[in-house]
Amino acid sequence: GPPPPTTDTTAPKVTSTVPKPNATGASPTANIKATFSEEMTASTINDTTFFTLRKQGSSGFLAARVSYNPSTDTAILDPSNSLKRGATYKAAVHRGAKDLAGNPLDQNASLSGSQKHDWTFKVRN
């Protein structure tokens, strides 16, 4: 008979981002994107607490609309306002983001616990 179904225990991770980490010429009107290693549960991406953007040196998250495209496994963060020219921003995908089997994001399996993925980039002047 067919083999028993395997249970997915592999944590998803972010495999690429736009802008790239440490990019220096990001557009002030750019959407921030994170592409995952596998399909994610959209409801775990839509909440702004799971995919966030903040200006370096400030404490609050920027207002943004977050969406998820299952055909490309990509989360998109669309800031409500243009980003400030010359400013550095930190984007983060948090551990609340889960794959279809419910595994939370773990960007670094060699560390104990689930690790979020964050990166910084600079908007062009």
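The values are calculated or read from the model by the stated rules, or taken from the named source; none is laboratory data. Model, not experiment: these values are computed from the prediction. When we count neighbours, we look across all protein chains shown, and the Cβ atoms used for this are built from the backbone with ideal geometry, even at glycine. Accessible surface areas use protein heavy atoms only, side chains included; no ligands, DNA or RNA. Shrake-Rupley method; radii C 1.70, N 1.55, O 1.52, S 1.80 Å.
Cα centroid separation, segment 7-69 to segment 92-125: 9 Å. Run the accessible area of the chain with a 1.4 Å probe and give the carbon-and-sulfur part as a rounded percent. Whole-percent figure for carbon plus sulfur exposure: 49.
For the residues 19, 28, 104, a GNM of the chain with alpha-carbon springs under 10 Å puts the largest fluctuation on 28.
Mean-square fluctuations from a GNM of the chain, with a 10 angstrom spring cutoff on Cα atoms, peak among 110, 82, 43 at 110.
Between the listed residues 74, 37, 125, the Cα displaced farthest toward the positive end of the dipole of the chain, a dipole computed from Cβ unit charges relative to the Cα centre, is found at 125. Take the Cα of residue 18, step 7 Å toward its Cβ, do the same at residue 85, and the gap between the two points is 2.3 nm. Among (i) 15.0, 48; (ii) 15.5, 63; (iii) 17.2, 58, find the value of Rg and Dmax of the Cα atoms in Å that was calculated from the structure presented, and write down its label. Answer by label: (ii).
Extension gain for residue 59-residue 10 works out to 14.4 nm (0.36 nm per residue, less the C-alpha to C-alpha distance).
Computed from label points 7 Å out along Cα-Cβ, the spacing between residue 49 and residue 78 is 2.4 nm. When +1 charges are put on Lys and Arg Cβ atoms and -1 charges on Asp and Glu Cβ atoms, the dipole computed for the chain relative to its Cα centre reaches about 840 debye.
Which of the trypsin sites (Lys or Arg not before Pro) found in segment 1-106 are loop residues per DSSP with 13 or fewer other Cβ atoms within 10 Å of their Cβ?
Values: sites: 13, 33, 54, 55, 65, 84, 85, 90, 95, 98; in loops: 13, 84, 85, 95.
Taking segment 1-106 and a limit of 13 other Cβ atoms within 10 Å, the loop trypsin sites (Lys or Arg not before Pro) found are 84, 85.
In the elastic network of the chain, a GNM with C-alpha springs shorter than 10 Å, the most mobile of 93, 18, 66 is 18. Model label points for residue 27 and residue 100, set 7 angstrom from Cα along the Cα-to-Cβ axis, are 3.2 nm apart.
Before I look further, what does the chain give for accessible area per residue, probe 1.4 Å, in whole square angstrom? List each step's numbers first, then the result.
Working: 6950 Å² over 125 residues.
Spelled out: the 1.4 Å probe surface of the chain, per residue, equals 56 Å².
Computed with every protein chain present, the accessible area of residue 120 is close to 40 Å² [probe 1.4 Å].
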